[in-house]
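Note sheet for the following structure.
Each value in this text was obtained by applying a stated rule to the coordinates, not by laboratory testing. Bear in mind the structure is a predicted one, so any value in this text is a computation, not a measurement. In this analysis, Cβ positions are derived from the backbone assuming ideal geometry, glycine residues included, and neighbour counts consider all displayed protein chains.
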Amino acid sequence: MTGPTQRIVQLEDVKVRFGKGANPFLALDSTNLTVNKGDFVAMVGPSGCGKSTILRLVTGLLRSSEGNVFVAGREVGAERVGVGMAFQNPTMLPWLTIRQNVMLPLKIVEPYASSFRAQKNGAFRDRAEALLEKVGLAGFGDHRPWQLSGGMLQRANLCRALIHAPELLMLDEPFGALDQFTREELWSILQALWMETRPTVFLVTHDLREAAFLASRILVMRSRPGRVVEEREVGFARPRTIETTFEADFTALTQTLRAAIVSARMVGAAAQ
């Protein structure tokens, strides 16, 4: 028998305004959402709809103007929650090796930071090597970032986001700059990593195929002001394959999402 569902993230009537004075810009309007432990949630919508704003709220990089943001049952920032982050730009430090870049979170995130100096050439190094092998970078730990392709750097970027076993994994367009074939290969790698460790994942993406391939739930947002206007469960069996993306049900889902985004764009435009 499984235990009760644990809520990891909850937003209650959250609004975010930017600017001061009589007419501040309302970026996010009355947003409510709940994410349970182990969920893989993708957020899609037009540019400027507030997807990245929600990621910043959840990680504590931004405070809401109104409403409440809870992480692990407490207001964001009240209790330490392990967070891993990966963005479109891998931002590797060029003077460090790939292995050293992957291990960087272990130097600053507790409980690892306290013992990093003693173990950086032992258990932590083994942890980094194991992750590099899982993403197809075995043998590349001693290379420098400038020696790797963009796709290889994003593989290392995923390793860095996961090295400290985060409870929350925040992904902001991590594959957006890659070619189609590399992107699809990394979908399968990310899916396998998620199935193995089951962190709670937020994925921001403009790629509807990517959202449908990876996510368990998809949130559709409208723009200016941003708000979640629709939610879709994704019931395709895992592990999903690229062949899954050509099946009729998969295509129907992406077309439904596209129509929802077009509708949300029109609603957002009318609200301005």
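Could you compute the FRET efficiency for S47 and D142, with r as their C-beta to C-beta distance and R0 at 35 Å, rounded to 0.05?
Values: r = 39 Å, r/R0 = 1.12.
It comes to 0.35.
Cα centroid distance between segment 163-187 and segment 193-212, in Å?
One Cα centre to the other: 8 Å.
If R0 is 41 Å, what FRET efficiency do you get for A130 and R17 from their C-beta distance, rounded to 0.05?
Approximately 0.40, to the nearest 0.05.
Report, to the nearest 10°, how far helix 248-271 tilts away from the longest principal axis of the Cα atoms in the chain, using its own Cα long axis and a range of 0 to 90°.
60
Could you check the simple spin-label distance between D249 and R198, using points 7 Å along Cα→Cβ, in nm with one decimal?
The answer from the label model is 2.2 nm.
Which of the peptides 9-22, 45-58, 242-255 is most tightly packed, and how do the rest follow, judged by the mean count of other Cβ atoms within 10 Å per residue?
45-58, 9-22, 242-255
Summing -39500 (n - 2.57) over the DSSP H runs of n ≥ 4 in the chain and dividing by its residue number, what mean residue ellipticity at 222 nm do you reach, to the nearest 500 deg cm²/dmol?
Computed mean residue ellipticity for the chain: -11000 deg cm²/dmol.
State, in angstrom, two size descriptors of the chain derived from its alpha carbons: Rg to one decimal place and Dmax to the nearest whole number.
Taking only Cα atoms of the chain, I get Rg and Dmax of 19.1, 59 Å.
Could you tell me what percent of the DSSP beta bridges with both partners in the chain are antiparallel, to the nearest 5?
50
For the chain, take the longest principal axis of its alpha carbons; what is the angle in degrees between that and the long axis of helix 123-134, to the nearest 10 within 0 to 90?
Its long axis makes an angle of about 60 degrees.
Placing +1 at every Lys and Arg Cβ and -1 at every Asp and Glu Cβ, with all other atoms neutral, what dipole size does the chain have around its Cα centre, in debye to the nearest 20?
That gives a dipole near 740 debye.
Can you tell me the orientation of helix 180-197 relative to the chain, as the angle in degrees between its alpha-carbon axis and the longest Cα principal axis, to the nearest 10?
Once rounded, one gets 80 degrees.
Under 1.5 on a/c is rounded, so check that first for segment 58-213, then, if it is not, pick prolate when a/b is larger than b/c and oblate when it is not; a ≥ b ≥ c are the square roots of the alpha carbon gyration tensor eigenvalues. Please list the in-between numbers first.
On the way: a/c = 1.85, a/b = 1.14, b/c = 1.62.
The shape class here is oblate.
Quick check: pseudo-label points 7 Å beyond the Cα along Cα→Cβ at S149 and S263, how many nm apart are they?
Between S149 and S263, the label points sit 4.0 nm apart.
Per Stokes-Einstein, at 20 °C and 1.002 mPa s, what whole-number D in µm² s⁻¹ belongs to segment 27-114, with the Kirkwood radius over Cα pairs as the hydrodynamic radius?
138
For the charge dipole of the chain, defined by +1 on Lys and Arg C-beta atoms and -1 on Asp and Glu C-beta atoms about the Cα centroid, which residue among Q180, A252, M85 has the Cα displaced farthest towards the positive pole?
Checked the options; the winner is M85.
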